[in-house]
Amino acid sequence: MKAILFRFAAVLISLVIVALLGEVALRLLAPGRGKTVSERERFCRFDHDLGWAPLENITRAETADLVHQNQFGLRGPDDMQLKKTSGRKRVLVLGDSQVWGFGVDQSKLFSAPEVHGTHEEILNFGVSGFGTDQEYLFYLLKGEKFDVDQVVLAFTPYNDVANNLASKQYSYLKPYFTLNKGELVLHNDHVRNSRVRNFIRRFDRECRVWNLVGDGLQGFANTLRPKRKQKHAEHNLVVSDTDRAGIELTLALLKQLKEAVAKRDAEFYVVFIPHKRRVEKHLPENHPFVPLIAAGLTQMGVRYREPYPEFLRSAMAGVELFNPRDNHFNVAGHALFSKFVIDTDLARASINYYAHQ
């Protein structure tokens, strides 16, 4: 028995030594390898009310892309004010990592003046990983302090509905709502910070060897999974009972957000995020959740804009609109998306799109 324990200890110590040597070698010889790319880890902190919240006053260069979050934790200029300082129209845009701008330089975001090309001021309230529930709470906690003309919610159909049903997302605890006789009930008592969780996250963030091994194992697992026929699967997506419950909850959240915005004498509308897989496969319609959400918005008197047809036309013309490794907009995608946030002919033509089909 002692011999077995001795061998086990020897193997364990050897692995630790190899890992330490590998860590040193990576940091010295390949400083870019093995770094975590989770924007939540690098640009957010624990927050009891939201689950996680953006860090204030932080600037980092992610590969070749500059990321700067100002004194409010927003990707915007440092001279941003709570009150309007000019006669310019001011638009606050809520959303997840699509709005935040994963993989895109600060100067290329849809909210940058040089991209949207107007005198309007666009406040980028995107936070990576947020669902509609957290976006609603973020508006109540921070957005209401800003004097704006319009509030836009960018809705990501392929994950926002699931996010809204979850009490934990991307390994983070988060607040969530349930419906009780049509009324929203907030649940956040479970959202607590943890030293163990913080240690694990810091280890994941700092240990290059761990990240490389994890990436390798994930890649190997992906090769073992049977490949689905994506186009056939996209054509035959089924809206389940759980999905419908999530859509009902989402619409209740949007109604509450609309009422909160109205109290601030601002206009509220929704812009749908085009689903990358469907755009690239040239499918005629956005994600199947979108028409259902759109119908609910029309019923409650909320206008929406649907960029999907224009994204589809651009993709069929050969324009690349998304990052190759994920679902996020690239620079061209942000430029096109900006035309649906501000008042352009494209935006006006897309208003309440499904009501005209």
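Model label sites at Ala349 and Lys168, defined 7 Å from Cα along the beta-carbon direction, differ in position by 4.7 nm. Set against the 2.2 N^0.38 Å expectation for a compact globular protein, the stretch 79-182 has a Cα radius of gyration ratio of 1.17. Packing, taken as the mean count of other beta carbons within 10 Å per residue, orders the peptides 279-285, 3-9, 174-180 from highest to lowest as 174-180, 279-285, 3-9. Equivalent ellipsoid of the stretch 81-130: semi-axes from √(5λ) of the C-alpha gyration tensor, largest first, are 20, 14, 7 Å.
Using the beta-carbon distance between Ala245 and Asp147 and R0 = 35 Å, what value does 1/(1 + (r/R0)^6) give for FRET efficiency, to the nearest 0.05? Don't jump to the answer; show the numbers that get you there.
Values: r = 36 Å, r/R0 = 1.04.
The pair Ala245/Asp147 has a calculated efficiency of 0.45.
Under 5 Å between amide hydrogens, built in the peptide plane, is the criterion, and for Phe130 it picks out Ser97 among residues at least 5 positions away or on other chains.
For the stretch 240-357, what log10 I(q)/I(0) values come out of the Debye formula at q = 0.10, 0.11, 0.22, 0.24 1/Å, with one point per alpha carbon and no solvent? Values, matching the q order: -0.33, -0.40, -1.30, -1.39.
Residues in the stretch 262-298, backbone N under 15 Å from the label point at Leu184 (7 Å along the Cα-to-beta-carbon vector): list them, ranges by number please. Zone members listed by number: 262-264, 268-270, 297.
Compute log10 of I(q)/I(0) for the stretch 242-310 with the Debye formula, placing one identical point scatterer on every Cα and leaving out solvent, at q = 0.20, 0.25, 0.27, 0.28 Å⁻¹, to two decimals. Evaluating at q = 0.20, 0.25, 0.27, 0.28 Å⁻¹ gives log10 I(q)/I(0) of -0.86, -1.12, -1.20, -1.24. Judged by the mean number of other Cβ atoms found within 10 Å, the most tightly packed of the peptides 128-136, 145-153, 296-304, 83-91 leads the ranking 128-136, 145-153, 296-304, 83-91. Gain on full extension, evaluated as 0.36 nm per residue between Asp326 and Arg195 minus their Cα-Cα distance, stands at 44.0 nm.
Since every read-out is calculated from the coordinates, none of them should be taken as a lab result. All values reported here derive from a predicted model rather than from experimental measurement. Backbone-built Cβ (ideal geometry, glycine too); neighbour counts: all protein chains shown.
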